[in-house]
Amino acid sequence: MAPLVQRSERDKIEPFREKFAAAWARTDELFAIVPPAAMLAQPIVWRHPVIFYVGHLPAFSWNQICGGILNWPSFNPYFDDLFCRGIDPDVDTGECHWHPDVPDRWPTLKETAAYRDHVRDAVLNSLDAVAECFSNDIMAQGGRVFDMVLEHECMHQETLLYMLQQLPITEKRRPASPLRYSFRRAADCRAVRIPRGRARLGARFDDIAFGWDNEFSETIAEVPTFTIDSLPVTNGRYFEFVDSGAYDDERHWLAQDWRWKNLENKRHPSCWHEQDGLWYYRAMFDVFPLERVANWPVYVSLAEARAYANWRGKRLPTEAEFHRAAFYGPDGRETAYPWGSAEANRHHGNFDFAAWSPVPVGSCPASASRWGVLELVGNGWELTDSPFAPLPGFTPYMKTYPDYSQDFFDGKHFVLKGASWATAAELLRPSFRNWYQAHYPYVFAKFRCVSD
Ligand SMILES: [Fe+2]
């Protein structure tokens with residue numbers, strides 16, 4: 001029977017050849033935004049310079065597949081180690097998990113790109129080797145290690161983009177194809193009542209081809225009745241909060257959020273600025289008068305979202321409430337996406353690099369959940385006020401990456417759900433969880449309000 005087993009492993013693994021080609025093409029397109037001379041730029045102080053990420057993606061691939069599963073001897077142990085893990089400090093204290101020492105001089109782009117190309121060849125050669133290795137490591141089976149490496153690459157594409165969002169526009173190269181923006185009128189927001197019921201969080205290990213450790217296992221939450229806004233908060237609505245002076249009123253902020261706001265001297269969302277009494281919005285490649293993008297969802301930190309919701313006499317949703325609003329409907333049935341079970345395509349929302357920016361809220365009626373709540377997936381991650389915590393039965397099952405989630409179960413990271421315009425379609429499964437600190441203002445994250 002061995003040849004049959006072998007064929008079925010090969011059948012599962014062969015499609016990864018094309019998936020890697022597509023992922024690497026997009027990675028290269030995104031790094032091309034940064035001129036070679038700007039590779040040492042560090043647009044966010046809490047993250048390494050851009051060159052680190054050029055090396056990190058191949059190093060992770062090598063360390064997980066060729067080193068971790070196949071035990072192949074390294075052709076560049078120094079780079080495997082130097083680029084193995086980045087920084088992601090506590091933004092309040094500056095403390096960071098373990099990472100390799102920062103070198104006195106980063107390798108050049110040429111050296112790093114040569115390493116990347118060598119690893120990419122090795123990854124393609126590893127496809128057959130993993131199919132034939134009959135390892136009892138669960139990551140070697142069904143191509144899980146390839147899914148892990150691909151999803152890691154997709155997540156870093158988005159991370160890179162929100163880093164580049166912070167880089168001055170004059171230091172970036174525009175994409176070859178013309179940029180298209182939408183500024184039309186927003187749809188009207190209404191309150192949608194979601195009756196008491198159950199919501200399933202996470203997944204059973206055998207039910208999905210691949211999931212990160214924090215997605216397991218399945219747990220059922222009983223969610224009391226709540227009311228949720230059909231649309232996220234826009235720049236225009238948030239401007240009312242800032243312009244009225246309420247953004248600078250301590251009464252609307254949690255104590256720890258107010259401390260952070262003052263330390264950082266935050267007066268408005270990160271991609272806004274005021275000049276000569278006029279307000280502007282900095283998108284990835286263009287600056288617009290704020291009123292022109294008044295209907296785009298506002299991108300803020302959790303701290304700023306909480307303050308706004310509090311000012312409105314509301315609050316943010318929990319992770320379970322998000323699931324209930326997104327994946328259920330009046331008949332109690334759960335679906336894979338808010339709109340049902342049809343595979344996600346661009347008709348359903350602004351994700352999978354459909355644009356280089358948000359679009360006006362309510363632009364995609366087909367995104368509606370069966371309750372009538374719009375764009376829960378797409379146009380910006382949805383902030384929740386649920387701490388990122390292990391689901392019951394959590395196991396750090398990825399032996400070569402045991403600390404993927406565990407370092408962040410610290411009460412300071414909170415769950416985000418859904419997707420932004422820069423989130424790959426591969427990451428849209430309901431169990432996928434993203435997480436950030438409440439005081440991290442760089443993510444393409446929007447929010448909506450709920451009430452009991
Ligand atoms: Fe990484």
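What to note about this one:
- With respect to (1) small (G, A, S); (2) more than 18 Å from the chain's Cα centre (by Cα); (3) surrounded by 21 or more Cβ atoms within 10 Å (Cβ to Cβ); (4) in a helix (DSSP H, G or I), the lone exception for G362 is condition (4).
- Any hit, the stretch 29-40, residues being closer than 22 Å to L127 by Cβ and of a type outside the set (V, I, T): no
- Checking each residue in the stretch 294-315 for being polar (S, T, N, Q) and in a loop (DSSP other than H, G, I, E, B) picks out N295, S301.
- Among the residues of the stretch 329-351, those that are surrounded by 23 or more Cβ atoms within 10 Å (Cβ to Cβ) and not small (G, A, S) comprise P338, H348, N350, F351.
The rows are residues; the columns are (1) under 21 Å from R26 (Cα atoms); (2) in contact (Cβ under 8 Å) with a residue 24 or more places away in the chain.
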| position | (1), (2) |
| --- | --- |
| H56 | yes, yes |
| P100 | no, no |
| L127 | yes, yes |
| G143 | no, yes |
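- Scope the stretch 188-242; condition of a type in the set (A, V, I, L, M), free of Cβ contacts under 8 Å to residues at least 40 places away in the same chain and touching a helix residue (DSSP H, G or I) at 6+ places or on another chain (Cβ under 9 Å); matching residues: V242
- Counting the residues of the stretch 89-118 that are more than 16 Å from the ligand (Cβ to nearest atom), surrounded by 14 or more Cβ atoms within 10 Å (Cβ to Cβ) and part of a loop (DSSP other than H, G, I, E, B) gives 5.
- Filtered by the rule that a residue be farther than 24 Å from S301 by Cα and either among the hydroxyl-bearing types (S, T, Y) or assigned to a loop (DSSP other than H, G, I, E, B) (or both), the stretch 316-337 gives Y328, G329, P330, D331, G332, R333, E334, T335, A336, Y337.
- Filter result (away from the ligand (no atom under 11 Å from the Cβ) and either over 18 Å from the mean Cα position of the chain (by Cα) or surrounded by 20 or more Cβ atoms within 10 Å (Cβ to Cβ) (or both)) within the stretch 45-54: V45, P49, V50, I51, V54
- Scanning the stretch 59-88 for residues that are within 13 Å of the ligand (Cβ to nearest atom), under 15 Å from W106 (Cβ atoms) and either open to solvent by less than 10 Å² (accessible area, probe 1.4 Å) or in a helix (DSSP H, G or I) (or both) gives A59, F83.
- V377 vs. criteria under 25 Å from E222 (Cα atoms), of a type in the set (V, I, T) and in a loop (DSSP other than H, G, I, E, B): yes
- Any hit, the stretch 301-321, residues being in contact with a Lys or Arg (Cβ under 9 Å, 6 or more places away or on another chain) and farther than 27 Å from S451 by Cβ: no
- The listed residue being more than 18 Å from M155 (Cβ to Cβ), touching a Lys or Arg at 6+ places or on another chain (Cβ under 8 Å) and not polar (S, T, N, Q), out of L124, L70, L40, L57: L124
- Matching residues, the stretch 396-432, being in contact with a strand residue (DSSP E or B) (Cβ under 7 Å, 6 or more places away or on another chain) and either without any contact (Cβ under 8 Å) to a residue 40 or more places away in the chain or open to solvent by 50 Å² or more (accessible area, probe 1.4 Å) (or both): F408, G411, K412, H413, L416
- When R333 is tested against (1) over 30 Å from R429 (Cα atoms); (2) free of Cβ contacts under 8 Å to residues at least 40 places away in the same chain, just one condition goes unmet, and that condition is (1).
- Boolean, D121 is touching a residue at least 60 places away in the same chain (Cβ under 8 Å), open to solvent by 50 Å² or more (accessible area, probe 1.4 Å) and away from the ligand (no atom under 16 Å from the Cβ): no
- Residues of the stretch 68-84 that turn out to be farther than 14 Å from N125 by Cβ and touching a residue at least 40 places away in the same chain (Cβ under 8 Å), as a count: 2
- Some residue of the stretch 163-185 being small (G, A, S) and more than 30 Å from P36 (Cα to Cα): yes
The values are calculated or read from the model by the stated rules, or taken from the named source; none is laboratory data. In this text, all values refer to a predicted model and were calculated from it rather than measured experimentally. For neighbour counting, all protein chains shown are included, and Cβ atoms are generated from backbone atoms with ideal geometry for every residue, glycine included. Each accessible area value is taken on the protein alone, full model and side chains, heavy atoms only, with ligands, DNA and RNA left out. Shrake-Rupley method; radii C 1.70, N 1.55, O 1.52, S 1.80 Å.
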